[in-house]
Amino acid sequence: MNLYRDPFGLAPIIEPVVSGLGFQLWGLDCQTGSHTAQVRVYIDGEKGVTLDDCSQVSTQLSAVLDVEDMIHTPYTLEISSPGINRLLFSVAQMRDVVGSKVKIKTSWPVEGRRNFRGFLESVEEESVSIRIQGDASYKVPLNAVRNMKLDADIEFCD
């Protein structure tokens, strides 16, 4: 189960290119408009991801996507690190952050809410549990999750 937004079916083409360059495909988010599309590819690596890494992956992926010609509309390709407040695209990624603070947006209301911010308590095959302020817990079906991302609290020192 993954939460990739991949209307063009690009993941099977993108993943081997990314892994062949020594990175992990963290996630894929394709947004389509009436006349254009945006393809965002999130990569991660053991030592993180630099701007040069993103540029290298972009160059390789651009060439492969041009040859495969699966996107039949003008598009922009963006390569990025997932960042500290990273989107979570799979059940495995979610399980790795159980106990962490997350934000969940749903596609439809769950128990009268579409936005949840709290601590991820558990991840099951069909749902996740989140504890929000005041110790209220909600069970959110995975098929309702529009997106989930880490909600890192950063404290700055003077």
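The values are calculated or read from the model by the stated rules, or taken from the named source; none is laboratory data. The shown structure was predicted, so the numbers you read here are calculated from the model rather than taken from an experiment. Counting neighbours? That spans all protein chains shown, and the Cβs are built from the backbone with ideal geometry, glycine included. Just so you know, the surface numbers come from the protein's heavy atoms only, side chains and all, with ligands and any DNA or RNA stripped out. Shrake-Rupley method; radii C 1.70, N 1.55, O 1.52, S 1.80 Å.
Remarks
- Set 16, 7: member being closer than 30 Å to residue 128 by Cβ and modelled with pLDDT of 95 or more: 16
- Residue check for residue 49: within 23 Å of residue 30 (Cβ to Cβ) and surrounded by 15 or more Cβ atoms within 10 Å (Cβ to Cβ): yes
- Note on region 24-44: residues that are over 29 Å from residue 126 (Cα atoms) and surrounded by 15 or more Cβ atoms within 10 Å (Cβ to Cβ) amount to 1.
- When region 19-38 is filtered for residues that are touching a helix residue (DSSP H, G or I) at 6+ places or on another chain (Cβ under 6 Å) and in contact (Cβ under 8 Å) with a residue 40 or more places away in the chain, only 28 remains.
- Just so you know, in region 52-67 the residues that are touching a residue at least 24 places away in the same chain (Cβ under 8 Å) and surrounded by 12 or more Cβ atoms within 10 Å (Cβ to Cβ) include one that is nearest to residue 8 (Cα to Cα), and it is 65.
- Candidate set from region 1-18 (those that are open to solvent by 60 Å² or more (accessible area, probe 1.4 Å) and free of Cβ contacts under 8 Å to residues at least 40 places away in the same chain); member that is farthest from residue 65 (Cα to Cα): 5
- Residues that are of a type in the set (A, V, I, L, M, F, W, C) and more than 15 Å from residue 23 (Cβ to Cβ), drawn from region 34-76: 37, 39, 63, 65, 67, 70, 71
- Among the candidates 139, 149, residue that is under 18 Å from the mean Cα position of the chain (by Cα) and modelled with pLDDT of 95 or more: 149
- Residue in region 60-80 that is touching a helix residue (DSSP H, G or I) at 6+ places or on another chain (Cβ under 8 Å) and under 30 Å from residue 127 (Cβ atoms) present: yes
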